[in-house]
1. So how many residues does region 52-67 have that are without any contact (Cβ under 8 Å) to a residue 24 or more places away in the chain and either surrounded by 11 or more Cβ atoms within 10 Å (Cβ to Cβ) or β-branched (Val, Ile, Thr) (or both)?
2. Only helices (runs of 4 or more DSSP H) wholly contained in region 153-208 count here; list those with 1 or more residues that are closer than 20 Å to Arg123 by Cα and either in contact with a Lys or Arg (Cβ under 8 Å, 6 or more places away or on another chain) or not assigned by the TED database to the domain that holds Lys27 (or both).
3. If I filter region 82-94 for residues that are in contact with a strand residue (DSSP E or B) (Cβ under 9 Å, 6 or more places away or on another chain) and open to solvent by 50 Å² or more (accessible area, probe 1.4 Å), do I get at least one hit?
4. Looking for whichever is open to solvent by 20 Å² or more (accessible area, probe 1.4 Å), closer than 25 Å to Asp139 by Cα, in contact (Cβ under 8 Å) with a residue 40 or more places away in the chain and under 18 Å from the mean Cα position of the chain (by Cα) here; the options are Val112, Val104. Which one fits?
Amino acid sequence: MADQPKEVKLYGHGFSGYCTMVNSALKLKGVAFEYVEEDLQNKSEALLSLNPVYKKVPVLVVDGEPIAESLVILQYIDDVWKNPPLLPEDPYQRAKVRFWADYVYQKLVPPVYRIRTSEGDARKKAEEEFRANMITLEDGIREELWSAGGSFINGEKPGLLDVIMGSCHTGLKYLEDVAGVKLVEKDRTPLLCSCMEAFVELDVVKGP
């Protein structure tokens, strides 16, 4: 058995959903880590040297070796700390989870940014796109991944998609309040809403 990492450090920002995902995954795995809050208007030399390509958070540093980009980091965490697993054991099911995880990044994140930065018809179009893509995600998960009997997409315990969507919950609610829109609709995406709400209520996620 390979030696477990001895020093784990996460460079992040409190209002970044991507950083919340990594933070939550580490907590679910029971990994002890040091958290470093970054000022995104005045990024530290450490962050810039650790992530010279994108120059952004999150960055996970394990025994001095940096890993950047949240989805890459999440899968790295699952590879290094095996329990509890975030991805299914079956290769086909793992591929399906990865497909829908990428879908979140490609189809949900862009309209969220446009909702935050646009007005009028452009924002209305982005809102409609987000809602439609949430329904596609709901239908895909229900058809390809969901098995009744648990509170999470992954079943009785949260998995990769639970970490991703559950970590977006607070940010989406905040955006709804600020923008005065309804983006997460329980009557249209009941499974996603239920799983996201179950995730944010986990003691390990709510804890410091």
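1. We begin by selecting, within region 52-67, every residue without any contact (Cβ under 8 Å) to a residue 24 or more places away in the chain; these are 52-56, 65-67.
Within this subset, residues satisfying the condition of being either surrounded by 11 or more Cβ atoms within 10 Å (Cβ to Cβ) or β-branched (Val, Ile, Thr) (or both) are 53, 55-56, 66-67.
The qualifying residues number 5.
2. On the way: elements: 160-179, 190-200, 203-206.
Where helices (runs of 4 or more DSSP H) fall fully within region 153-208 and carry at least 1 residues being closer than 20 Å to Arg123 by Cα and either in contact with a Lys or Arg (Cβ under 8 Å, 6 or more places away or on another chain) or not assigned by the TED database to the domain that holds Lys27 (or both), they are 160-179.
3. Within region 82-94, none of the residues are in contact with a strand residue (DSSP E or B) (Cβ under 9 Å, 6 or more places away or on another chain) and open to solvent by 50 Å² or more (accessible area, probe 1.4 Å).
4. Details: Val104 fails: open to solvent by 20 Å² or more (accessible area, probe 1.4 Å).
From the options Val112, Val104, the qualifying one is Val112.
The values are calculated or read from the model by the stated rules, or taken from the named source; none is laboratory data. Note that this is a predicted model, so its numbers are computed, not measured. When we count neighbours, we look across all protein chains shown, and the Cβ atoms used for this are built from the backbone with ideal geometry, even at glycine. Just the protein is used for accessible areas: all its heavy atoms, side chains included, with ligands, DNA and RNA removed. Shrake-Rupley method; radii C 1.70, N 1.55, O 1.52, S 1.80 Å.
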